[in-house]
Amino acid sequence: MENIQHENTIFAEPIFYIGPPAGGWPITNSLLTSWVAVFVIVLLSVIVRKKMRNIPSRLQHFFELIYDGGMDMADQITGSRKTTKKVFPLAISVFFFVLVNNWLGILPLGGFGIVTHSAEGNFFVPFLRSGTADINTTLMLAVIGVIGSNIFGIMAIGVWKMFNKYVNLKALGAIPGKVRRDPAILMVAPITFFVSILELVGEFAKVASLSFRLFGNIFAGEVLLASMAALLAYGLPIPFLFLEVFVGVIQAFIFAVLILVYFTIAAQDHEAHETS
Amino acid sequence: MDSLISTFHIDWHLIIAQAVNFVVVILVLWHFALKPLGKLMDERGKTIAGGLDNAKKQEELLKAQKAEYDATLAQARSEASAIMQSIKKEAETKRTSMLTTAEDEVKATIDAGRRQLESEKQKMLADAKTELAELVIQVSAKVFEEGMTPKIDHAVVVENIKTLNS
């Protein structure tokens, strides 16, 4: 009888490869789960679209509630419906993508998978692993969010102002003109320039914080469920399953809200804000 | 950085694959479902707002019409009352006038009757006197037979008539 080990790895395990294992396209269990998530979202979208009526069905009503509530909440963050209309499609898509991925990962279907054989032994690889319990997914979302917010900022306030947010040449350039009137600028301008560089570093920190927060929470949830199941498989994981359902919603919500916040901040002109 | 990549198995293949997944989600969820849904909700909201606005207008119109109806009704009542008063007054006047006329006519008829009766009475009396005189003459002639002349007869008759008249 072969000894099969169940391990919660910090990375998504490959199920198979497209091409050679070294350098080929790995199809991991998290990618597989993401495909299922995409399929579920597409299916729901098609159903909603096909059954769209003036008098809504239950599913349409549910989507209308989310849409309407989401728009209202986004208005509070962005401060204007105009900005909300531009950012909301990305935020709501992030919310659904993360939510469905989070929930699929905690489905009690952990018994389905394959056994891989290696020198270290035989390992069980489940088919389902939440897409967001893979840093590749969360990193992709964070990068899209941060790059998207900067592109949005460029479109809203222009390239030069956006550039000066991160490399504040304007502050340094103002020194010769203002130094006689205000000698303190010799101190203030370099500090302003340095702060702008910190803003640039902050953009990378945003990517790290967004991706690792989501990944950490969801992966920790899966580890928690696996640990509880290992302690007592019957009954004990149930309250934690409910907790993870809740955590899934909260994390999806936080990610979407942060995307909205980053886009809103990027679209604000700091100088105009300070002047006003 | 390398240890981070190897620890978490960061793989650009997977990042691209997940990005494709996410782009599919955006395209399908937003452009296929939520955008048309938002449009439908906006249109429905406009229809409802229009309906409410219309209902408000109808209500105002109804109120105005009710006020107009009440005013018209009050005016009609007032006019009807005035007409009734006028008619009553007219009728009273007419009644009084008719009564007076009727009384006058009755009085005139009675007077005419009286006058006619008096005249007929006088005529009858005259006729009766004449007849009586003739009767007296005839009776006297029979009484006196030939003892009396026509002159005497006439004198006797006149005398009798005078007596009768007195």
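Here is how the numbers come out for the structure above:
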{"quantity": "Residue selected from segment A:100-127 under the condition of a type in the set (A, V, I, L, M) and surrounded by fewer than 21 Cβ atoms within 10 Å (Cβ to Cβ), by the criterion nearest to A:I41 (Cα to Cα)", "calculated": "A:L107"}
{"quantity": "Residue that is surrounded by 21 or more Cβ atoms within 10 Å (Cβ to Cβ), out of contact with any Asp or Glu (no Cβ under 8 Å at 6 or more places or on another chain) and closer than 17 Å to A:F255 by Cβ, where the choices are A:I66, A:I77, A:I92", "calculated": "A:I92"}
{"quantity": "Helices (runs of 4 or more DSSP H) lying entirely in segment A:185-276 (those with 3 or more residues that are closer than 23 Å to A:A37 by Cβ, under 23 Å from the mean Cα position of the chain (by Cα) and in contact (Cβ under 8 Å) with a residue 60 or more places away in the chain)", "calculated": "A:185-231, A:237-266"}
{"quantity": "Test result for A:G121, more than 10 Å from chain B (Cβ to nearest Cβ) and within 28 Å of A:A220 (Cβ to Cβ)", "calculated": "yes"}
{"quantity": "Test: residue in segment B:84-95 that is surrounded by 10 or more Cβ atoms within 10 Å (Cβ to Cβ), part of a helix (DSSP H, G or I) and acidic (D, E)", "calculated": "yes"}
{"quantity": "Per-region count, segment A:1-38, residues over 26 Å from A:A230 (Cβ atoms) and exposed (fewer than 13 other Cβ atoms within 10 Å of the Cβ)", "calculated": "7"}
{"quantity": "Test: residue in segment A:207-215 that is touching a Leu at 6+ places or on another chain (Cβ under 6 Å), among the polar types (S, T, N, Q) and surrounded by 14 or more Cβ atoms within 10 Å (Cβ to Cβ)", "calculated": "yes"}
{"quantity": "Answer from A:F255, A:F204 - the residue that is over 20 Å from A:S30 (Cβ atoms) and not small (G, A, S)", "calculated": "A:F204"}
{"quantity": "Segment B:1-29: number of residues that are modelled with pLDDT under 90, of a type outside the set (A, V, I, L, M) and closer than 24 Å to A:W35 by Cβ", "calculated": "5"}
{"quantity": "Leading residue by the ranking (surrounded by the fewest Cβ atoms within 10 Å (Cβ to Cβ)) among those in segment B:96-141 that are of a type in the set (S, T, Y) and under 30 Å from B:A155 (Cβ atoms)", "calculated": "B:T130"}
{"quantity": "Residue among B:I15, B:I48, B:I26 that alone is assigned to a helix (DSSP H, G or I), more than 10 Å from chain A (Cβ to nearest Cβ) and more than 47 Å from the chain's Cα centre (by Cα)", "calculated": "B:I48"}
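The values are calculated or read from the model by the stated rules, or taken from the named source; none is laboratory data. None of these values were measured; they are calculated from a predicted model. Cβ: placed from backbone, ideal geometry, glycine included. Neighbour counts: every protein chain shown.
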